[in-house]
Every structure is written in structure tokens, then in C-alpha cells.
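Single-structure report; data block below.
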Protein chains: 2
Amino acid sequence: MSLVERVLTGDRLSLARLLTAIESGDEAGENALDELYPYTGNAHLVGVTGSTGTGKSTLVNQLTRHLRQVGLQESAGAEPRPLKVGIVAVDPTSPFTGGAILGDRIRMRDLAGDPEVFIRSMATRGALGGLAERTRPVVQALDAAGFDLILIETVGAGQSEVEIARTAHTTIVVDAPGLGDEVQAIKAGILEIADILVLNKADLPGAERAFASLQAALRLGGPPDQEGAWSVPLIQTVATEGDGVPTLAEALARHHGYLTRTGERERRERSRVEAQLDQMLRQRLKEHFLEGQPDGRYQQVVERVLARQISPQQAIVELMEGLP
Amino acid sequence: MSLVERVLTGDRLSLARLLTAIESGDEAGENALDELYPYTGNAHLVGVTGSTGTGKSTLVNQLTRHLRQVGLQESAGAEPRPLKVGIVAVDPTSPFTGGAILGDRIRMRDLAGDPEVFIRSMATRGALGGLAERTRPVVQALDAAGFDLILIETVGAGQSEVEIARTAHTTIVVDAPGLGDEVQAIKAGILEIADILVLNKADLPGAERAFASLQAALRLGGPPDQEGAWSVPLIQTVATEGDGVPTLAEALARHHGYLTRTGERERRERSRVEAQLDQMLRQRLKEHFLEGQPDGRYQQVVERVLARQISPQQAIVELMEGLP
């Protein structure tokens, strides 16, 4: 059996090997992704994002336990079904350094013994390519390997983390009381991507005020535009105790139903695939163009722009001239 | 006289008109930029970035007054020379909404009567294209119009704001005491782009602790690698009173000297131009490629990826086939 075939049968060791091949970016990894692609598209992709200090790792941990032990009720009247859960943890990173706060990922260890849970932590330091581009194939591999629900945990700070969350079907935004006014500005943007909003650490002082201000922020977005539209729920949790986690799981199941019923899931898939192809095509076209240029011509044009003999705009016109 | 000629003679009204033409993205604006390009490259571009609440607008205000009234001492022994100052204020914005906090920009009004100061506030709401791409031509126009020093004020939150700051010759990062631990994570990244670090509101409680922690963060970066390298100064200011502003101006003059003396300014220009050309070329190549495709072919390939008949990677290989 090939590595891909073993992954499709659910072999964990083969999956780990495949992910390493994919992350190293070698040809075997790329070919494996091509082979796996037809088997993707079944998993429910759930982004979980929030600032440091919101307790989002603990929430991911407890949500996973719940999904394993109780499961999700996928339609009205149906029995809840325990799910196979994949977790992709993207290290917090600045746009420049790739510095990582690893501490609270350790709390996830108690899931590590479960054969139906697979945890992968993405390295961000010194790696090539955008984080969103590197996360995508890892999620695809877990999807093809048969995980029903994949949690993608990111820090809601940088744009690339937000982009990762955006590639999910459902985005959970986690907040907590007492994080200071500083966060408010960021919040304004991040609320827009929330399908489900969680106020974690709801037992802390200031929780009531935080709840009220989140509620106000949600109301600012206005009522849903049309009947049957999704109305973002605001859920209070105390992740360390597991409080509110069943309610969160229920909201996830409802959002899953909403996505499928309304065709919104297909729309999200479409815009995701279009963005990915666009980005890949630009990259390949640039490479192809440079291969077709006489040695040093592109560099000459750069030099003339630097010498302010021509403007960047004029440089592009000149470079594009004579293209078939 | 053409609009461009009037701008080059320093006519403010013409400059304002030109900026509007540029921001609207019409052809007249683009042509004007081509004409102006040979006259750019003289201004000292200074990025000023920091979180909301650091008092960065007040600092920009006071620094501008100082540069106008006292000026910069551009070489040892020389008399300080008052400078013509351009200010480009980029509204705080989230990656999704473009929401703006305008309040403290009002404080800049007292500069508005000075004919040698030009303030332009960038609209971010509902505008097309990346913020960094749209800020660049505005800065170029001010440069060509003869402003000696251009302050580009951004909020150090999103990646696009950081990119704007990066296009400057000198980046001033502003911090303040008491902004909460939340900011620490961001700080780790933003410190890396600082050429000059300012602790504003240095009269507030907690300033000493903040100063010590910034100093420690700077030391973490280690001593300069080689002799003559730039060592990031940490300057305390109370912008509302003007305290520390002369020291900041002096650091600006020193950094300007450093950039010129070491060739660092040229290196920064080069990487800026290369990045700009790269981005523009990718965009044009994609457009050119699509124009050359039979109607609907690209869309067909997208559909086949969506149906998981081929992987994105295979789609790109197929699209690139047969390109000359």
C-alpha cells in the first residue's frame, strides 16, 4: 500500500509522515495532496480565533472532549454522534519574528491518548510561504483522512491568522473579560468574521460588562437581513470547568445545518477555491514570465525605476510589451 | 500650466486636486504620477506607528511644530533648518470593516494654517486596493511637491499598517504605559521595525516599569552587529507638553545621517521598489493571461476543482500548459 492509501485507511503514523512530507514542501508531499484531493470536502472546518489570554486553547480542549464523548446532534431528533476530531494549532506569531507562546498548548495533552483525535501544531518560525497557504494542505490531509470536524486554532491578531480562520466553514471568535480597551479596536474587525461568539472566563469580574458590550457590538451589526439568515449567538463559557461547552457544541451543529440547508457552505467553498487558484496562478505566471525574459532584463528595468528614469507604472507597461 | 507643473511650483490647491485624482484611481492621476516620478526621492519618509492610546497623533503634531519652528540640524555644526512637512494620516481600520477612530486627529488643526505643512487623511472605508498600495502614490506626490519630511501615521495593529510603516526610511514606534499585557504580543513584532522607540506619556504612573521593559526588549535584540551600525534609541516624551520632542527630532536627524552615510537608504529604496514591481507585475500578468483565454475556460477549471475532479495544483499545471 502507498502512503496515501494507508492514510485513507486511517493509519495515524502514515498521516503524521504525510504531514511532515507536506510541510517540507517536497514533491512527494505535493503528489500525495493531488491524490488525496478527491477525498476532501467532507470535514466540517471550524476556525477558533481570539487574543492571547482568552483561554481559547482550553476551550478547544473541552470542546473536543465533548465532541468525542457526547458528539453532535446533526439533525433534529437524531441521536448525537461522537466525531473524529482533528486539531490544527497555529502558533501565535508576529508578522516579523515568528515568536511563539507555547505554554497553554500543553493542556491539550490529555487528548493525546485518544486514537480518534489528531493534533498537529504548525511551526511558524523560519518557515517559507504564507501561514494560510501552509495550513491549508494540512487541513486537507486531515479531511481526506476521515476526520469529521477539524478545529483550526489561531490567535486573532495578525491578518494571516484571520485569513486562516476565514477559510473555515464556521468561525468561533473567543473573547474574555478584562483584556483592556486596547482590544476593542481589533474586536471591531474580528467580530465581523464570527459565526459564533464566545465569552469565555464568564465567571471572572467584569464578565457582565463584557457580555453587555459584546451584545451591543452584535446588535450594531443589525438584525439578519432576511428570514432564515444566521443570527450570531453569544455564548458564555467557563472552559476550565466545561461550563457552556454543550451549548457551544449545539450552536456548532446548528450552524452546520444552516450552512448545508442554505447553500452557504458551497458559496464559502467557492470563494475559498477561487482565492487559492488566483494566488497560485499569479505566482506561476510571474515565474513563467521571468523564465522567458533575456538574462538581466528584469533587473535592468528595476534599476531604471530606482534611478527614477521611469515610473513603476511605466516599467510594467514596458515589461508587458511584446508579450504574446 | 498643467496640474503637475502647478504642483511642482508648490501650489497647495493643485496638490489637493492631484491627490484626489490619484485616490480616485483614474487615468489622469496615473499619468500625473508618471510625470512626477522623476521628482521624487528627496523627502525623508518617516513612519510613525503605535497602538491606539499611545498619543501618537499628539506626538506627530508636536514633532511637526518643532520641525517647522526649530528645524533639523542635518549635519554636525550646521544650523538647524526649518522643514516643509507633509503628514499622511492613515485611519485605523480593521482588515474587514474599515471602521475609523477619528477623534484625536482634530488636535492637528492648529497646524492647518501653516502653508508649509500639508495634512492628508487617507480614507480607508470602502476603498479599493490595499492600503499600502494606496498610500504610496500620495506619499510620492508630496515628495515631488517638495516636502522635506513626510510623516506617515498608522496604527500598529494590522499587517497592512505595518507594511506602510516599512516603506518609510525611518520608523518611529510609539508606546505608552498602562496599555495592558494584551499589547505585549504585538510589541514583540513591532519592536523589530523600530528605528526609534518612543515611550510617550512618560509622566503617567507605570512609566518607569514600561521604560524598563522596553529597555529589556531592546537589549534582547542584542548589541548592534558591527561597528557603525544603528543602535535604536529609547526616548521618553510627554507629547501634550512637548517634553522630549527636541530629543526625538535630534534622533531623526541622526538616523537620516546614518541612512545616507551607510548606503542603508539605498538598500531600503531598492527592496521597496522591488516589492512594488513584483506586486504590480503579478497583477498585470494575471489580467493578461485571462484576456488570452477562451471565454469561460478559467471558470471551467475552477468548477472542476470545486467538484474535486482535479486538485488546485493540477489546475494550475493545466492552465499553464500551452503558454508560449
Being open to solvent by less than 10 Å² (accessible area, probe 1.4 Å), part of a loop (DSSP other than H, G, I, E, B) and away from chain A (no Cβ under 14 Å) is the filter; apply it to the stretch B:51-99 and report the residue that is modelled with the lowest pLDDT. B:71
Name the residues in the stretch B:285-303 that are of a type in the set (D, E, K, R) and surrounded by 14 or more Cβ atoms within 10 Å (Cβ to Cβ), would you? B:286
Taking the stated definitions as given, is residue B:264 more than 30 Å from residue A:324 (Cβ to Cβ), open to solvent by less than 50 Å² (accessible area, probe 1.4 Å), under 25 Å from the mean Cα position of the chain (by Cα) and facing chain A (nearest Cβ under 7 Å)? no
Can you tell me how many residues in the stretch A:289-324 are under 27 Å from residue B:267 (Cα atoms) and within 7 Å of another protein chain (Cβ to nearest Cβ)? 13
Exception for residue A:146 within (1) in contact with a helix residue (DSSP H, G or I) (Cβ under 8 Å, 6 or more places away or on another chain); (2) at pLDDT 90 or above; (3) open to solvent by less than 30 Å² (accessible area, probe 1.4 Å); (4) farther than 27 Å from residue A:241 by Cα falls at (3)
Positions within the stretch A:221-249 being closer than 18 Å to residue A:54 by Cα, at pLDDT below 95 and of a type in the set (Asp, Glu), in sequence order: A:241
From the residues in the stretch A:232-261 that are touching a residue at least 12 places away in the same chain (Cβ under 8 Å) and β-branched (Val, Ile, Thr), which one is nearest to the other protein chains (Cβ to nearest Cβ)? A:232
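On the given criteria, is residue A:48 in contact (Cβ under 8 Å) with a residue 24 or more places away in the chain, assigned to a helix (DSSP H, G or I) and touching a helix residue (DSSP H, G or I) at 6+ places or on another chain (Cβ under 8 Å)?
Details: in contact (Cβ under 8 Å) with a residue 24 or more places away in the chain: yes; assigned to a helix (DSSP H, G or I): no; touching a helix residue (DSSP H, G or I) at 6+ places or on another chain (Cβ under 8 Å): yes.
Spelling it out, it is not the case that residue A:48 is in contact (Cβ under 8 Å) with a residue 24 or more places away in the chain, assigned to a helix (DSSP H, G or I) and touching a helix residue (DSSP H, G or I) at 6+ places or on another chain (Cβ under 8 Å).
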If residue B:298 satisfies all but one of (1) closer than 29 Å to residue B:139 by Cβ; (2) free of Cβ contacts under 8 Å to residues at least 24 places away in the same chain; (3) among the aromatic types (Phe, Trp, Tyr), what's the number of the condition it fails? (1)
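What are the residues in the stretch B:28-48 that are among the aliphatic types (A, V, I, L, M) and surrounded by fewer than 16 Cβ atoms within 10 Å (Cβ to Cβ), if any?
Residues of the stretch B:28-48 that are among the aliphatic types (A, V, I, L, M), as a first pass: B:28, B:32-33, B:36, B:43, B:45-46, B:48.
Within the stretch B:28-48, just B:28 meets the criteria.
Could you tell me whether residue B:282 is facing chain A (nearest Cβ under 7 Å), within 28 Å of residue A:140 (Cα to Cα) and open to solvent by 50 Å² or more (accessible area, probe 1.4 Å)?
yes
The values are calculated or read from the model by the stated rules, or taken from the named source; none is laboratory data. Just so it is clear, the model here is predicted, and its values are computed rather than measured. With ideal geometry, Cβ positions are generated from the backbone for all residues, glycine too; neighbour counts draw on all protein chains shown. Accessible surface is based on the protein model in full, side chains and every heavy atom, while ligands, DNA and RNA are left aside. Shrake-Rupley method; radii C 1.70, N 1.55, O 1.52, S 1.80 Å.
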